[in-house]
Amino acid sequence: MTSQNITAGKRWYRLMPIVFVTYSLAYLDRANFGFAAAGGMADDLNITPAMVSLLGSLFFLGYFLFQIPGAHYAATKSTKKLIFWSLVLWGVLATITGIVNNISILIVIRFMLGVVESAVMPGMLILLSNWFTKSERSKANSFLILGNPATMLWMSILSGYLIDAVGWRGMFIIEGVPAVIWAFFWWEQVGDKPRDVKWLSDHEKQVIENQLQQEQEHIKPVKNYVTAFKSRFVVLLSLQFALWSIGTYGFMMWLPSVIKAAPDMDIVETGWLSSIAYAFAIIGMISVSYFSDKTLNRKTFVWAFLLISSLAFYGSYLVGASNFWLSFVLLVIAGASLCAPFGPFFALIAETLPRNVAGVSIALINSIGALGSFVGSYIVGYLHGTGQVGQSFLFMSGSLFLASVLVILAVRGRKP
């Protein structure tokens, strides 16, 4: 067995479980708002559907504004330190959400939750790019982002039971505390680069560093961030990810409300049905990342699955409220398909841009995506709150169709 194979096993089992749990906790504390909205929060606080939508989407405004500074710190200083303090702060903010009664304070909390979580995604991707080679990267990225649907799966079930047992306030408190505790596990287990850990030998560290360096030799460095940000590739993928995020967060934030609106549907049943979409999303992400790494084909796996998702949302729009179960099956297909290509997508960016700008370019793309998340979660939530559920499906379908087209345009002329 080669040194590379030995270190791959060590890296995978020592690092990835910690990364996965950390990102899962971040996703838990941003996405459980959708269950609170479906579980009586609006009635208890006497707020309108428009205000519920604003509260759900404000997270992404903070996420947008502070992502690039956070990613710059992660790239030039330490992802380890950044994530540690982010874990502590977002756990505290998520817990406080279950205590406050003042809407103005709640608005500030939702915004600040976005601020402290803003660098988690690009920071994690920067961390993985320092640990995993090209042939491993899509799989590693997918395992990280698998935290999205995996968290939504168990959170959907758990949150339904918690709201039924202790109310939406108790749910926020119980689900917020673990992030603070986990911060100390993160600090003890993770190193920014292979050279920073004790569980690899000096030879193993050198093998990894050499291969990562060799992968960058054919990529011409760019002068600075601005040069990278102005490139056609980054501009188009930023627009593409904003459109993709409209569908992603429009779906994830408000799926519980869509299901809960069905006749005779309680919050526990809503949780179990919501989890089905994320179970299929997990299968899709694992399968797509495997074949993407096998073929090193990133582009096709991204645009094709976004197109499938677009068509599934359009099908749900055509079916409407006349057949809940058919519409639900189409929504499961849509949700699984829009989650499946995340691994190849972020691998494509890391393999196209030089390392000195890749991390912050990912942050730019992700931050523009956060604007799409803001728009998607707000408009979809508003349409649901005003009874225009079919229009929200049409809106997400159109956004994902354009996202699929932009992927093709962004990488035109590159090998698949």
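The single residue among 107, 99, 83, 18 that is more than 23 Å from residue 156 (Cα to Cα) and touching a residue at least 60 places away in the same chain (Cβ under 8 Å) turns out to be 83.
Sub-6 Å Cβ pairs linking a first residue in the stretch 239-268 that is farther than 14 Å from residue 384 by Cα to a second residue that is assigned to a helix (DSSP H, G or I) and charged (D, E, K, R), at least 6 apart or interchain, are 267/164; 268/164, ordered by first then second residue.
In this structure, residue 169 does not satisfy being of a type in the set (Lys, Arg) and under 23 Å from residue 281 (Cβ atoms).
When 361, 309 are checked against the criterion of being crowded, with 24+ Cβ neighbours inside 10 Å, within 19 Å of residue 275 (Cα to Cα) and either under 17 Å from the mean Cα position of the chain (by Cα) or at pLDDT below 85 (or both), a single residue qualifies: 309. If we scan the stretch 368-385, do we find a residue that is modelled with pLDDT of 85 or more, of a type in the set (Phe, Trp, Tyr) and more than 23 Å from residue 231 (Cα to Cα)? Within the stretch 368-385, not a single residue is modelled with pLDDT of 85 or more, of a type in the set (Phe, Trp, Tyr) and more than 23 Å from residue 231 (Cα to Cα). Only a single criterion out of (1) crowded, with 19+ Cβ neighbours inside 10 Å; (2) not hydroxyl-bearing (Ser, Thr, Tyr); (3) not in a helix (DSSP H, G or I) is not satisfied by residue 384, namely (3). Filter the stretch 340-355 down to the residues that are at pLDDT 85 or above and assigned to a loop (DSSP other than H, G, I, E, B) and list them by number. 340, 341, listed by residue number.
Only one of 121, 112 is buried (at least 23 other Cβ atoms within 10 Å of the Cβ) and not small (Gly, Ala, Ser). Can you tell me which? Full working, then the answer.
Details: 112 fails: buried (at least 23 other Cβ atoms within 10 Å of the Cβ).
From the options 121, 112, the qualifying one is 121.
From the list 361, 392, 337, exactly one residue is over 17 Å from residue 141 (Cα atoms), part of a helix (DSSP H, G or I) and not hydrophobic (A, V, I, L, M, F, W, C). Which is it?
Details: 361 fails: over 17 Å from residue 141 (Cα atoms); 337 fails: over 17 Å from residue 141 (Cα atoms).
Just one listed residue meets the conditions, 392.
Among residues of the stretch 132-142 being buried (at least 23 other Cβ atoms within 10 Å of the Cβ) and at pLDDT 80 or above, the one that is nearest to the chain's Cα centre (by Cα) is 140. Scanning the stretch 109-125 for residues that are within 15 Å of the chain's Cα centre (by Cα) and among the charged types (D, E, K, R) yields one hit, 117.
The values are calculated or read from the model by the stated rules, or taken from the named source; none is laboratory data. Here the structure is a predicted model, which means the values were calculated and not measured. No Cβ is skipped: glycine too gets one built from the backbone with ideal geometry, and neighbour counts run over all protein chains shown.
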